[in-house]
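To start, the structure under review is shown below, and the notes come after it.
The values are calculated or read from the model by the stated rules, or taken from the named source; none is laboratory data. Here the structure is a predicted model, which means the values were calculated and not measured. Cβ: placed from backbone, ideal geometry, glycine included. Neighbour counts: every protein chain shown.
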Amino acid sequence: MMNMQFEKKLAIPMEVKEMYPLSANCAEIVEKRQAEIKNIISGKSDKFLLIIGPCSADNEDSVLDYVSRLRTVQEKVKDKIFIIPRIYTNKPRTTGEGYKGMLHQPNPQDIPDLFKGIVTIREMHMRVLNETGFSSADEMLYPENHKYLDDLLAYVAVGARSVENQQHRLTASGLDIPVGMKNPTSGDLEVMLNAVTAAQNRHTFIYRGWQAHSQGNKYAHTVLRGYVNKHGAQLPNYHYEDLIRLCELYEKRNLQNPAAIIDTNHSNSGKNPFEQIRIAKEVLNSKKYNSQINSLVKGFMIESYIEDGRQNVGEGIYGKSITDACLGWDKTERLIYDIAEML
């Protein structure tokens, strides 16, 4: 154990929630939005989900600015589109190097401070909720940390590198909100569906030092994000034939609420954020052409921020991603209106 030093004991989620409590009014907003998202995933509502926002939420002020702009757009498309801001506060790193998100570093240029990070991300999600009425999506990178935010979130994503992990699958089975399971980086759709199956079933397991029992999450569903082949080439899985294949795989399994979200960036776009516009429109055309696809595809994940592209930590350009490149606001706004027109 000489290679790992225990620096300080962190407050448990209950203590943090007592320090930064959610108001009754905000709790009611969260509950109503959770119910509407469940209705979309289950097919009771024909609205289209749009999980949209920066690759990483790296600056509270620019995130609030961005989400406030989404609020204005949401009012104009509310009959067709249900927007969930993407506020991802911890980032998986392929090699372990680089900015790991606001949870680790509330200021990307400071040294890691995990307790300050826990408080910062809770306060930011609460501020978004208070100021815009949006409950948001976050990635469940660390299952044991979910309880710090579980009273605030509308949606949870399990990433391509986490989807095969037992603890992610079992924790997802105990959540009461929709959880999107991405296909692994290898592209194996069966692995993704195994994760959905696990999440939809009941389990007994260890969670935060307790023996826990989950009831199963019938709103767990798939997310297609493209994949990387054995030669390292990035390949898409959003085309018509891919969606038909996923429909067929769903039919072979006894899963509740068959649903898929299409991630328009990552390997689907080859990490070119400007391709997201074309990808979204292609998928919407596939929905129009085939009733099975129309029923299965419930929404998009889109990486978008105030400025196009990305920057390095320390460059200081307001509203520009410091992780993966994003679609800027002007193009994003136009895309949302185009999606609404095509639905």
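Points worth noting:
- Scanning the range 170-209 for residues that are among the hydroxyl-bearing types (Ser, Thr, Tyr), in contact with a helix residue (DSSP H, G or I) (Cβ under 6 Å, 6 or more places away or on another chain) and either over 21 Å from SER136 (Cα atoms) or at pLDDT below 95 (or both) yields a count of 0.
- Strands (runs of 3 or more DSSP E) lying entirely in the range 184-263 (those with 1 or more residues that are of a type in the set (Val, Ile, Thr)): 203-207, 221-224, 260-263
- Qualifying positions in the range 257-273 - of a type outside the set (S, T, N, Q) and either closer than 21 Å to LEU49 by Cβ or exposed (fewer than 15 other Cβ atoms within 10 Å of the Cβ) (or both): PRO258, ALA259, ALA260, ILE261, ILE262, ASP263, HIS266, GLY270, PRO273
- The lone exception for ALA11 - which of (1) in a loop (DSSP other than H, G, I, E, B); (2) closer than 17 Å to ASP138 by Cα it fails: (2)
- Any pair with Cβ under 6 angstrom, 6 or more apart, that starts in the range 237-256 at a residue that is farther than 11 Å from LEU296 by Cβ and surrounded by 13 or more Cβ atoms within 10 Å (Cβ to Cβ) and ends at one that is of a type in the set (Ser, Thr, Tyr) and modelled with pLDDT of 95 or more: TYR240/SER286
- Restricting attention to the range 133-149 and to residues that are part of a loop (DSSP other than H, G, I, E, B) and touching a Pro at 6+ places or on another chain (Cβ under 8 Å), the residue that is surrounded by the fewest Cβ atoms within 10 Å (Cβ to Cβ) turns out to be LEU141.
- Among residues of the range 36-62 that are over 21 Å from MET181 (Cβ atoms), those with a Cβ under 9 angstrom from a residue that is surrounded by fewer than 17 Cβ atoms within 10 Å (Cβ to Cβ) and of a type in the set (A, V, I, L, M, F, W, C), sequence gap 6+ or separate chain, pair up as ASP46/LEU343; LYS47/LEU343; ASP58/VAL313.
- Condition check for GLN276: in contact with a Leu (Cβ under 7 Å, 6 or more places away or on another chain) and either closer than 16 Å to LEU49 by Cβ or not in a helix (DSSP H, G or I) (or both): yes
- Of the residues making up the range 84-95, those that are touching a residue at least 60 places away in the same chain (Cβ under 8 Å) and either charged (D, E, K, R) or part of a strand (DSSP E or B) (or both) are ILE84, ARG86, LYS91.
- Of the residues in the range 9-16, not one is buried (at least 19 other Cβ atoms within 10 Å of the Cβ) and touching a strand residue (DSSP E or B) at 6+ places or on another chain (Cβ under 9 Å).
- Looking only at the range 173-194, and only at residues there that are within 16 Å of the chain's Cα centre (by Cα) and closer than 15 Å to TYR250 by Cβ, the one that is surrounded by the most Cβ atoms within 10 Å (Cβ to Cβ): GLY180
- Scanning the range 152-183 for residues that are in a strand (DSSP E or B) and closer than 22 Å to MET14 by Cβ yields one hit, VAL156.
- Verdict on GLU123 being under 17 Å from VAL63 (Cβ atoms), loosely packed, with under 13 Cβ neighbours inside 10 Å and in contact with a helix residue (DSSP H, G or I) (Cβ under 9 Å, 6 or more places away or on another chain): no
- Look at (1) aromatic (Phe, Trp, Tyr); (2) within 29 Å of ALA24 (Cα to Cα); (3) part of a loop (DSSP other than H, G, I, E, B) and you find that TYR99 fails only one, number (2).
- In the set VAL179, VAL223, VAL196, VAL156, only one residue is closer than 27 Å to VAL30 by Cβ, aliphatic (A, V, I, L, M) and in contact (Cβ under 8 Å) with a residue 60 or more places away in the chain; that residue is VAL223.
- Residue that is assigned to a loop (DSSP other than H, G, I, E, B) and among the small types (Gly, Ala, Ser), where the choices are GLY299, GLY314: GLY314
- Top-ranked residue in the range 52-83 [being farther than 15 Å from ILE317 by Cβ and under 17 Å from the mean Cα position of the chain (by Cα); ranked as modelled with the lowest pLDDT]: ALA57
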